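Report on one structure; see the data block that follows.
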Amino acid sequence: MKKVTGIGGVFFKCTDLKRMREWYKTHLGIDAGDYGVTFEWREESDQTKKGSTTWNPFATTTKYFDPSSKDFMINYRVENLEALVEELQKGGVTIVDKIETYDFGKFVHILDAEGNKIELWEPID
């Protein structure tokens, strides 16, 4: 079973969200809005398939990374999220919440061996 197929997003906390967004815009050309910025790309093995990776800073007060106390969270693109969650549960992995479905895909959060929150995303491409 194919599991992770790529990085879906990189999220991190910062003390001054406005200043951080402005710094990245000025110095690196990353123009992030309220939901970050999305970089589009094509799969190497099949150039007809598009993908995307989101980059987004969050305020230090965000609860989105809870229960992890870390200042970052990685989003991994996956295939067949339901089957993967079943496999992870059998392996004793902590599943933080239930799978939620949106217009752009399915999501669930898990914790790794050191308590880092990970977001798993099965995109609807």
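Out of PHE58, ASN80, GLY92, whose Cα points farthest toward the positive end of the dipole of the chain (charges: +1 Lys, Arg; -1 Asp, Glu; placed on Cβ)?
Farthest towards the positive pole: PHE58.
Only Cα pairs within less than 10 Å get springs; with that Gaussian network setup on the chain, which residue of GLY51, GLY105, GLY29 has the largest fluctuation?
GLY29
What residue among GLY105, THR48, THR38 has its Cα farthest toward the positive end of the dipole of the chain, where the charges are +1 on Lys, Arg and -1 on Asp, Glu, each on the Cβ?
About the Cα centre, the residue reaching furthest to the positive side is THR38.
Might you tell me the accessible area per residue for the stretch 1-110, computed with a 1.4 Å probe and given in Å²?
Numbers: 7330 Å² over 110 residues.
The answer is 67 Å² per residue.
So which of LYS18/LYS63; LYS2/LYS63; LYS3/LYS50; LYS18/LYS49; LYS2/LYS25 end up more than 29 Å apart by C-alpha?
LYS2/LYS63; LYS18/LYS49; LYS2/LYS25
Taking a quarter of the surface of the Cα convex hull of the stretch 59-102, what do you get in nm²?
4.1
Report the longest stretch of the chain that contains none of the trypsin sites (Lys or Arg not before Pro) sitting in a DSSP loop with at most 15 other Cβ atoms within 10 Å. Display every interim value, and only then the final one.
Values: sites that count: LYS2, LYS3, LYS49, LYS63, LYS70, LYS98.
Here the longest run is 4-48.
Given the options GLU82, GLU44, GLU22, which has the most mean-square fluctuation in a GNM of the chain, springs set between C-alpha atoms less than 10 angstrom apart?
Checking each option, the largest mean-square fluctuation is seen for GLU44.
So, with a 1.4 angstrom probe, what is the percent of accessible area on the chain that is carbon and sulfur?
Details: 4150 of 8110 Å².
Exposed carbon and sulfur together represent 51 percent of the surface.
Could you please report the charge total around PHE65, scoring K, R as +1 and D, E as -1 over all other residues with beta-carbon less than 15 angstrom from its beta-carbon? If you can, show how the numbers build up before the last one.
Values: positive: LYS13, LYS63, LYS70, LYS117; negative: ASP66, ASP71, ASP97, ASP112, GLU114, GLU119.
Summing Lys/Arg as +1 and Asp/Glu as -1 gives -2.
Using the Cα centre of the chain as the reference point, and only Cβ charges (+1 on K/R, -1 on D/E), how large is the resulting charge dipole? Debye, rounded to the nearest 20. Walk me through the numbers before you get to the answer.
Numbers: 17 positive and 22 negative charges, 66 e Å.
I would put it at about 320 debye.
The values are calculated or read from the model by the stated rules, or taken from the named source; none is laboratory data. What you are looking at is a predicted structure, and each value in this text was computed from that prediction instead of being measured. Every residue, glycine among them, receives a Cβ derived from its backbone with ideal geometry; neighbour counts consider all protein chains shown. Heads up: the accessible areas ignore ligands, DNA and RNA and are worked out on the full protein's heavy atoms, side chains in. Shrake-Rupley method; radii C 1.70, N 1.55, O 1.52, S 1.80 Å.
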